[in-house]
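The structure appears below as structure tokens.
Derivation of every value follows stated rules applied to the coordinates shown; laboratory data play no part. This is a predicted model, so every value here is computed, not measured. Backbone-built Cβ (ideal geometry, glycine too); neighbour counts: all protein chains shown.
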Amino acid sequence: MEQTIVVGGGVIGLTTAVVLAERGDTLVRVWSRDPEPETTSAVAGGLAWPYRIEPLDRATDWAVRSFRHFSWLAEQPAETGVRLVRGEMAEGGDPVPEEWRALVGSPPRTPLIDMRAYLPYLRARLEKAGGVYEQRAAGSLTEAAAEARAVVNCTGLGARTLVPDPGVRAVRGQVVVVENPGVEEWYVATDEGAAGESAYLLPQPYGLLLGGTAEDGAEDTAPDPATAEAIIRRCARIRPEVAEAAVLEHRVGLRPFRPEGVRLEAGTLPDGTPCVHNYGHGGAGITVSWGCAVDAAALVGPAGS
Ligand SMILES: Cc1cc2nc3c(=O)[nH]c(=O)nc-3n(C[C@H](O)[C@H](O)[C@H](O)COP(=O)(O)OP(=O)(O)OC[C@H]3O[C@@H](n4cnc5c(N)ncnc54)[C@H](O)[C@@H]3O)c2cc1C
């Protein structure tokens with residue numbers, strides 16, 4: 001059996017599958033329990049910035065390597081959904097790694113990714129390279145192993161039950177999309193209170209995305225109206241015109257956070273099939289996706305090995 005099965009079709013699974021398929025692995029299949037628009041990846045704001053991810057030194061390395069690939073994708077924004085956009089990271093929030101600061105410059109200019117366009121782009125790129133996307137839930141990793149030479153586990157929060165890994169937990173994020181009243185640069189203030197409240201404005205082609213929250217351990221995916229109002233209020237302190245903007249959408253996603261750190265390592269399933277784990281990317285899965293995908297593919301090893 002020459003095929004490789006990547007379990008998980010969010011940004012981590014799709015990017016890993018693209019790297020495997022484009023290097024020439026025989027048949028790369030993605031199994032995704034949820035359709036693309038229902039993944040956490042589809043909810044994300046899409047700013048490339050290392051945030052709520054551990055360990056920070058490894059994440060910075062992945063983020064720097066991913067930045068280079070995103071910069072290349074930004075040369076074709078209409079096709080990829082990736083743009084390089086200038087913005088402001090307010091002082092007083094999470095520490096910014098020096099290497100990252102030097103890379104993005106001052107004022108920072110970093111990739112801003114429209115996930116509604118980008119996930120379909122990744123999927124099309126996978127299929128062009130001969131890979132296959134299937135909407136299918138794995139009851140266990142061994143179920144995938146029965147059909148593959150190697151399995152890559154990119155199930156995000158799903159790893160909690162699939163591995164099982166009780167060390168992965170949800171960090172709930174709620175955002176509001178409003179009609180953009182003319183905001184062209186992004187703004188982020190991650191100066192959070194106890195409830196993980198921040199203020200960010202990300203100008204996307206489909207509207208202005210306002211955030212946000214980071215509620216550790218909360219798993220309710222229904223948008224909370226009071227939380228939405230508070231988000232709009234916080235963002236209106238930065239851009240008052242936001243208070244009057246028409247609300248287009250409310251969204252909630254559960255970040256797959258692993259306090260111990262992203263799990264990116266090779267293992268073996270009970271039936272002896274090699275399995276590479278690539279999950280637990282918290283609040284920065286998009287930011288680190290290409291660096292992690294290249295490292296995960298290296299751990300899978302070339303087909304025929
Ligand atoms: C509000 C919000 C804003 C965010 N903003 C940003 C941002 O600006 N920048 C950034 O870098 N990150 C951001 N993030 C974080 C980012 O969304 C995540 O880190 C990233 O999406 C994780 O990707 P993933 O592929 O691991 O997980 P997911 O997107 O959750 O994908 C997991 C996949 O595994 C599949 N799966 C699970 N179990 C099974 C199973 N048993 N069988 C088959 N398939 C299975 C699912 O169906 C899905 O396809 C944000 C998150 C939220 C909630």
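What the table below lists for this structure:
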| quantity | calculated |
| --- | --- |
| Most positive-pole-ward Cα, Y279, A245, G173, against dipole of segment 170-305 from beta carbon charges | Y279 |
| Overall Cα dimensions of the chain - principal axes, largest extent first, Å | 59, 38, 34 |
| Antiparallel %, DSSP beta bridges [both residues in the chain], to 5 | 65 percent |
| Helix-derived mean residue ellipticity, 222 nm - over the chain, DSSP H n ≥ 4, -39500 (n - 2.57), to 500 | -9000 deg cm²/dmol |
| In order through segment 36-48: 3J(HN,Hα) via Karplus (6.51 cos²θ - 1.76 cosθ + 1.60), integer Hz, x for Gly, Pro | 2, x, 9, 7, 4, 4, 6, 7, 4, x, x, 8, 7 |
| Where only alpha carbons of segment 227-266 are counted, the Rg and the Dmax (Å) | 16.7, 51 |
| Scattering curve values for segment 254-305, log₁₀ I(q)/I(0), Debye with Cα scatterers, q = 0.28, 0.32 Å⁻¹ | -1.09, -1.22 |
| Value in Å of the Kirkwood radius, where segment 183-248 supplies the Cα pairs that are averaged | 12.5 Å |
| Cα pair distances of segment 201-294 binned at 10 Å [whole percent] | 13, 33, 29, 16, 8, 2 |
| Calculated diffusion of segment 146-264, Stokes-Einstein form, Kirkwood radius summed over Cα pairs, 37 °C and 0.692 mPa s, µm²/s | 208 µm²/s |
| Reference-scaled alpha-carbon Rg (2.2 N^0.38 Å with N residues) for segment 151-212 | 1.53 |
| 5 Å-binned pair-distance histogram of segment 1-56 (Cα, whole percent) | 4, 18, 21, 20, 18, 13, 5, 1 |
| Square roots of 5 times each gyration tensor eigenvalue, C-alpha, segment 52-130, largest first, Å | 26, 15, 11 |
| Span-rule helices in the chain, defined as complete DSSP H runs reaching 15 Å or more along the axis (Cα) with Kyte mean at least 1.6 | 11-22 |
| Segment 25-175: proportion of alpha-carbon pairs further apart than 22 angstrom, % | 52 percent |
